[in-house]
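The values are calculated or read from the model by the stated rules, or taken from the named source; none is laboratory data. Predicted model only: the values in this text are computed from it and were never measured. For neighbour counting, all protein chains shown are included, and Cβ atoms are generated from backbone atoms with ideal geometry for every residue, glycine included. These area figures cover heavy atoms from the full protein model, side chains too; ligands, DNA and RNA do not enter into them. Shrake-Rupley method; radii C 1.70, N 1.55, O 1.52, S 1.80 Å.
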Amino acid sequence: MGKSKTKNQKKSRLSANHVAEEVFGAVPHSFVFHRGQVGKNVGQLVEDMRRVMEPYTAESLKVRRKNVLKDFVAVAGPLGVTHFMIFTKTPSSVNMRLARLPKGPMLHFRVTKYSLIKDVVSSLKRHRMHEQQFTHHPLLVLNNFGSEGMHVKLMATMFQNMFPSINVHKVALNAIKRCVLLNYDPVSQEIEFRHYSLKVVPVGMSRGVKKLMQEKFPNMSKFEDISELLMKGANLSESEAEQDGDHNITELPQIYSGRGNMASQQSAVRLTEIGPRITMQLVKIEEGMGEGNILYHAVIAKSEEELQEILIRKEAQMKEKQERKKKQEQDVAQKKALREENKKRSMAGIKRKRQEEEEHDPEVEDPGNQDNRPPVVESDDEAEYYRQAVGEEPDEDMFPAAKRRQRPVRPSGGPFKKRKPFSGDDGKNKYGSTSPHRSGPGGKPRDRMGGDVDRKEGKKFWDGGKSFGKMSPGGKRFGGKTFGDGGKNYLEDRGMYSFMIRHWYRHKSAGGLDENAMM
């Protein structure tokens, strides 16, 4: 089990983290992204420029089509981002914009030529690039930016502020692994951007000694003595030795990483290009985040009078915008007050209407309920339907499966008229006595099933199913019932008999039944 941290260790670590946060927050940070459709090559150029600006840039910044510049500005504040590098593409050229947050200025460049990292690396015989080089920011070198012109000085200031500043008295040489070179050509007014990997090697020794100090030890199988390697450098090709001179030899003030690089000793600084390459030209400088005045334009030159007219027009536009905004606020306040007033009046009207309803409660009579008679309700029960339609209680054998219900009370309050029992008289029908007030056509009395009765002959035109039985003398079965038995079993079929009752009732209501009404 390891030892626990002491109080001094915890305190020193907290202080170191606090210092690191302050240092990290003090250095400039950047966003590198594109706007619009740029294509595959320009998209790769954006990724390469993010590698150049590491570690103080957003490496995995996600950009959507619906994002606008205001979205990036809103996010840049909490994250401490100070610069934007924006790439766009038109049918004629590729453009790059450098913006200083939050209030500008914004520099517009036209990219005339560019090469990606993969193109530069593929053109070199030996390239030197590893991940440890990108853990520290690059060293910025500006060349020929001291010429006359305010736009040139502004460009130099913009490039300097994009990278962290270096204190020559406190800088650690081992933290410098890369170099960014910006060269300005006053004649063509073009800026060349180059990105290099930096390497320091000792000088003042033979090629054999340099070979021994490298990580890969040379092959000495053909040497008789080590002196041959140290003095002559046998079997070493000329390409393995670099041609150093006064232009790249310096005395190191500190110990630098690498074998043989000691303090107060001469060493050679060698640069290996790792890309990308960009050749660009300044087009214009604009105030603000792309919405201010034009401070410099490389193509269009305007006089003082034209600039004054532009300023006056912009002031008028700003004044009109403020007045329009003020009027919109007044309209919103007026609509809100009117809406509140309408709401109060509506609530007062609802309250008044409720009070009137409570004071005056009108009684509305049902127009369908005349003479206090109960309405006739159609029912699926055959017995109940028969009671409502005929006004009498059905016989016990008429609906054998139906449940007997309580006899309904007539509107007048009197009971139904009881029917006389069947006595077998010829003057009466098979199902009960004839009713003198219920007669058929010609004044002939009718039996309960609608058959006309001839009193002289005692004969019925409809004989309770006998004639219907004659139509099927063989006694054919219909739904499990026999029809040729004089109507006895036929009356037990509820469905068929219910149909006959309803059919009879419709003909009766229409004005009477003839002898074939039930057929």
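Using packing as a proxy for protection, rank 293-299, 138-144, 303-309 so that the peptide with the highest average count of other Cβ atoms within 10 Å comes first.
Output ranking for 293-299, 138-144, 303-309: 138-144, 293-299, 303-309.
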**Item:** Theoretical gain in end-to-end length, Gln160 to Lys326 [0.36 nm per residue, Cα-Cα removed]
**Value:** 55.5 nm
**Request:** Just the number, please: carbon plus sulfur as a percent of the accessible area of the range 137-207, 1.4 Å probe, no ligands or DNA/RNA counted.
**Result:** 52 percent
**Message:** What is the sum of charges, Lys and Arg at +1 and Asp and Glu at -1, for the other residues whose Cβ falls under 14 Å from the Cβ of Leu116?
**Reply:** +3
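Pairs Lys284/Lys326; Lys66/Lys335; Lys170/Lys199; Lys89/Lys319; Lys66/Lys113: which exceed 26 Å Cα-Cα?
Too far apart for the 26 Å limit: Lys284/Lys326; Lys66/Lys335; Lys89/Lys319; Lys66/Lys113.
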**Fill in**
Counting Lys and Arg as +1 and Asp and Glu as -1 over every other residue whose Cβ sits under 11 Å from the Cβ of Leu271, the net charge comes to +4
**Solvent-accessible area per residue for the range 265-334 (1.4 angstrom probe, square angstrom)** = 73 Å²
**Estimated distance in nm for a label pair at Leu14 and Val73, the labels positioned 7 Å out from Cα along Cα-to-Cβ** = 4.0 nm
**Request:** Please find the FRET efficiency linking Asp119 to Ala175, where r is the Cβ-Cβ separation and R0 is fixed at 41 Å, and quote it to the nearest 0.05.
**Result:** 0.90
**Net charge contributed by nearby residues that have their C-beta within less than 13 Å of Asn161 (K/R +1, D/E -1)** = +2
**Asked** Which peptide among 116-123, 326-333 comes first, and what is the full order, when sorted by highest mean count of other Cβ atoms within 10 Å?
**Response** 116-123, 326-333
**Asked** Once you charge only the Cβ atoms, +1 for Lys and Arg and -1 for Asp and Glu, what is the size of the charge dipole of the range 303-344 about its Cα centre, to the nearest 20 debye?
**Response** 680 debye
**Message:** Among Leu311, Gln328, Leu338, whose Cα projects farthest towards the positive end of the dipole of the range 303-344, with charges put on the beta-carbon of Lys, Arg (+1) and Asp, Glu (-1)?
**Reply:** Leu338
**Item:** Percent carbon-and-sulfur accessible area, the range 303-344, ignoring ligands, DNA and RNA, probe 1.4 Å
**Value:** 52 percent
